[in-house]
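Accompanying notes for the structure given below.
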Amino acid sequence: MSGPTVILAYDGIQILDVTGPCSVLGAANDLLGHVAYDIVVTARERGTVRSNCGVEIGCRALAEVPATGIDAFFVPGGSREGLAAMVADDAARRWAESARCDARLYGSICTGSVVLAAWGMIGERRFTSHWQATGHLRRTYPGLNLDAEAIFVEDGPLWTSAGVTTGIDMMLALVERDHGAEVAQKIAQRLVLSVRRPGTQSQFSPLIAAQAGREGRYRDLVGWIALNLDKPLGVEALADRAGETLRSFHRNFADATGQPPASFVTGLRLDRARTLIAEGRALKSVAAETGFPDVARLSAAFRRRFGMTANAYRAVHAAA
């Protein structure tokens with residue numbers, strides 16, 4: 001067993017930024033049959049911190065955890081007040097600066113990147129953060145290499161995730177790096193994840209945006225489309241399913257979601273194709289699963305949307 005994996009906690013913390021990653025690492029320990037990840041949650045003082053939803057988390061005092069011999073440490077996101085207090089915590093900053101010298105890797109989950117940026121621990125490395133923090137980060141630290149879209153980013157020893165549930169995706173990638181794809185996949189199945197998301201996937205979900213649009217008028221239809229991307233999804237068929245005339249459906253759907261039906265379906269297909277390609281799936285299989293007649297038409301649509309062919313995208317991202 002290597003050194004501990006430390007989570008730096010504080011009052012106002014986002015609880016899923018702690019429990020999500022810890023659940024992944026704990027499941028890895030269970031599947032492997034030994035403690036591969038010694039998970040330690042720390043705070044300024046021994047006791048509990050109160051999360052931003054009111055649930056309290058038990059913590060060891062940071063002073064009880066030696067900064068040397070750390071395998072990894074992460075700063076989770078939280079409330080604005082909690083983040084400000086963490087930024088101003090000189091003892092935590094000194095501990096993190098010392099731990100970073102020995103740690104195999106370090107990083108943040110969600111808005112924890114605000115703390116790392118304030119502590120000068122990002123430098124020239126690429127990183128990401130929750131979309132709500134990107135404006136602050138760009139204004140305050142304009143020289144940093146912020147990727148505002150990716151759900152998680154690995155740049156050398158610096159690992160950062162976009163927010164909340166994306167900490168799970170990042171930790172699954174870490175487990176896969178350490179113990180192989182099979183272990184990571186079993187953990188994803190245990191956590192009942194619908195799909196393992198690569199870091200290149202956008203944190204902006206067109207599905208969620210569409211389902212929330214105009215009082216969620218097409219929530220059920222949008223969910224059905226996402227589950228049937230391999231089937232014919234002509235506008236006429238969608239209008240019939242929605243119980244509307246073709247003209248009314250086209251107008252109402254565009255008004256509710258911000259996109260015409262055909263454009264929306266193509267966007268979902270390409271976003272799903274991007275995920276499958278990054279997972280290493282064969283392009284013929286990707287085309288079939290996402291409703292494209294053949295690889296040529298998939299690649300042409302991919303180029304129009306992302307500025308590169310599907311093959312080029314796979315060459316760049318499949319190993320990421």
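The values are calculated or read from the model by the stated rules, or taken from the named source; none is laboratory data. In this text, all values refer to a predicted model and were calculated from it rather than measured experimentally. Cβ placement follows ideal geometry from the backbone for every residue including glycine, while neighbour counts extend to all protein chains displayed.
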Identify the residue in segment 278-300 that is assigned to a helix (DSSP H, G or I) and buried (at least 18 other Cβ atoms within 10 Å of the Cβ) and, among all such residues, is modelled with the lowest pLDDT.
278
Taking the conditions exactly as written (in contact (Cβ under 8 Å) with a residue 60 or more places away in the chain and surrounded by fewer than 22 Cβ atoms within 10 Å (Cβ to Cβ)), does residue 77 satisfy them or not?
no
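For (1) surrounded by 15 or more Cβ atoms within 10 Å (Cβ to Cβ); (2) outside any loop (DSSP other than H, G, I, E, B), each residue gets a yes or a no:
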{"residue": "16", "(1), (2)": "yes, yes"}
{"residue": "23", "(1), (2)": "yes, yes"}
{"residue": "27", "(1), (2)": "yes, yes"}
{"residue": "49", "(1), (2)": "yes, yes"}
{"residue": "52", "(1), (2)": "yes, no"}
{"residue": "63", "(1), (2)": "no, yes"}
{"residue": "66", "(1), (2)": "no, no"}
{"residue": "91", "(1), (2)": "no, yes"}
Can you tell me how many residues within segment 105-148 are on the phi < 0 side of the Ramachandran plot, loosely packed, with under 14 Cβ neighbours inside 10 Å and part of a loop (DSSP other than H, G, I, E, B)?
3
Name the residue that is surrounded by the fewest Cβ atoms within 10 Å (Cβ to Cβ), counting only residues in segment 301-317 that are of a type in the set (Gly, Ala, Ser) and touching a Ser or Thr at 6+ places or on another chain (Cβ under 8 Å).
301
Does residue 244 satisfy the criteria of being more than 30 Å from the chain's Cα centre (by Cα) and more than 22 Å from residue 149 (Cβ to Cβ)?
yes
Selected residue (only one of 102, 38 is touching a Pro at 6+ places or on another chain (Cβ under 6 Å) and either in contact (Cβ under 8 Å) with a residue 60 or more places away in the chain or assigned by TED's automatic domain parsing to the domain that holds residue 169 (or both)):
38
Single residue of segment 248-277 satisfying the filter (more than 17 Å from residue 219 (Cα to Cα) and of a type in the set (Val, Ile, Thr)) that is surrounded by the most Cβ atoms within 10 Å (Cβ to Cβ)
277
